[in-house]
Amino acid sequence: MNKNIKVGELNLLKINRVSEPGLYLISEDEQEVLLPNCYVKKEMSIGSDIEVFIYTDSEDRLVATTLKPYGMKNDFVCLEVVDSTKFGAFLDMGLPKDLLVPKNKQRSSFNVGSRKVVQIVEDEKTNRLIGTEKFTLTKEVNNSFIKNDEVDILLYIKTPLGFKVIVNNTYEGLIYHNEIFENIKIGDRKKGYIKYIRDDGKIDISLQKIGAKKDDDFSQKVIDILEQNNGELAFTYKSDAEDIKEVFGMSKKAFKSALTSLINDKKIVLEENGIKLIN
């Protein structure tokens, strides 16, 4: 059970008493918070523990919910803009109350329907959860990683060099455009691999494990995509590199290698205008 109630986090609290609006939950330091009736279930009983997320309602009162938001305090998330006002924008974070990104926390335009990468933080003055684009990533990587370590990445900015990514919810990394052979966009979450840690502490990221044998994976990917398209597609060795990247998510070199392997294994046949699975 939580020693005290923490805003923006999952809390393990004890059901303390029943009231007309819902159940009151209590922490070890005897602070109470309401779990409204809409989240109360028959199996919940006084004295039992329950895991809830804590945030503040429209009147800045603490409130508990059994809903799981799209992110917790200090998490980086990509959320949809659902409203925009003179003082800020509101993003859907999976709760009845949307996440406010105040104007002074914005770096770009927040248009309704767009998706934005923000960090969820607790406002020091109000204790409300808010979103901010003006976040700072840790630059001191030290000995946190070695080459080929698998990491979680979130794409958040497209630059002339490539895509900047947030690594393990903490560090800044970069994937170079000429090393991307699949369709990716801002807000995507993916697995990446440590390629190189630069002198400035930033990290070069690869979407493929460095030095790993990919031929079998590429061949299987070609088969999978053919199966999704009735067993045939209008692609050959001479197909355009951008078209190959768009459909198969790989370089032309990797695609040609996969075709050769599949033809030799008699899994596909190369025709004048395309490739076809052999049943």
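Values in this text are rule-based calculations from the coordinates and carry no lab data. None of the values given here were measured: they were computed from a predicted structure. Methodologically, a virtual Cβ is constructed for each residue, glycine included, from the backbone with ideal geometry; neighbour enumeration extends over all protein chains shown.
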request  = Mind sorting out which of (i) 126; (ii) 116; (iii) 202 is the real volume of the Cα convex hull per residue in Å³ computed from the coordinates?
outcome  = (iii)
message = With a cut-off of 8 Å between alpha carbons and a minimum separation of six or more residues, what is the relative contact order of the chain in percent?
response = 10 percent
Residue among Phe76, Asn37, Ser58 farthest towards the positive dipole end of the chain, charges placed on Cβ = Phe76
³J(HN,Hα) computed for each position of region 257-269 - Karplus, 6.51 cos²θ - 1.76 cosθ + 1.60, integer Hz, glycine/proline x = 5, 5, 4, 4, 4, 5, 5, 4, 7, 6, 9, 9, 10
message = With +1 assigned to the C-beta of every Lys and Arg and -1 to the C-beta of every Asp and Glu, and no other charges, what is the dipole magnitude of the chain about the Cα centre in debye, to the nearest 20?
response = 600 debye
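Are there GluC sites (Glu not before Pro) in region 135-213 that DSSP marks as loop and that have at most 11 other Cβ atoms within 10 Å, and which are they?
Passing sites in region 135-213 are Glu140.
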query = In nanometres, what is the gap between the two model label sites at Tyr196 and Leu10, each 7 Å from Cα along Cα-to-Cβ?
reply = 3.9 nm
request  = Quick one: what are the phi-derived ³J(HN,Hα) couplings along region 140-157, Karplus 6.51/-1.76/1.60 with θ = phi - 60°, whole Hz, x for glycine and proline?
outcome  = 8, 7, 6, 9, 5, 9, 10, 4, 6, 4, 7, 9, 8, 10, 10, 6, 10, 8
message = Please state the shape class of region 150-206: rounded when a/c is under 1.5, otherwise prolate if a/b exceeds b/c and oblate if not, all from the C-alpha gyration tensor.
response = rounded
key: Label point distance in nm, Lys125-Asp60, each placed 7 Å from Cα along Cα→Cβ   = 0.9 nm
query = Label Ile180 and Glu80 with points 7 Å out from Cα along Cα→Cβ: what is the distance between them in nm?
reply = 2.3 nm
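Can you give the calculated 222 nm mean residue ellipticity of the chain, where each DSSP H run of n ≥ 4 adds -39,500 (n - 2.57) and the sum is split over every residue, rounded to the nearest 500 deg cm²/dmol?
Rounded to the nearest 500, the figure is -3500 deg cm²/dmol.
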ask   = Given a Förster radius of 30 Å and the C-beta distance between Leu95 and Asp243 as r, what FRET efficiency does 1/(1 + (r/R0)^6) yield to the nearest 0.05?
value = 0.10
note = Under 19 Å by backbone N from the virtual spin label 7 Å along Cα-to-Cβ at Asp217, the residues of region 248-266 are 248-262
remark   = If R0 = 25 Å, then Glu227 and Arg189, at their Cβ-Cβ distance, give a FRET efficiency to the nearest 0.05 of 0.45
Difference of contour (0.36 nm per residue) and Cα-Cα distance, Ile146 to Thr260 = 37.6 nm
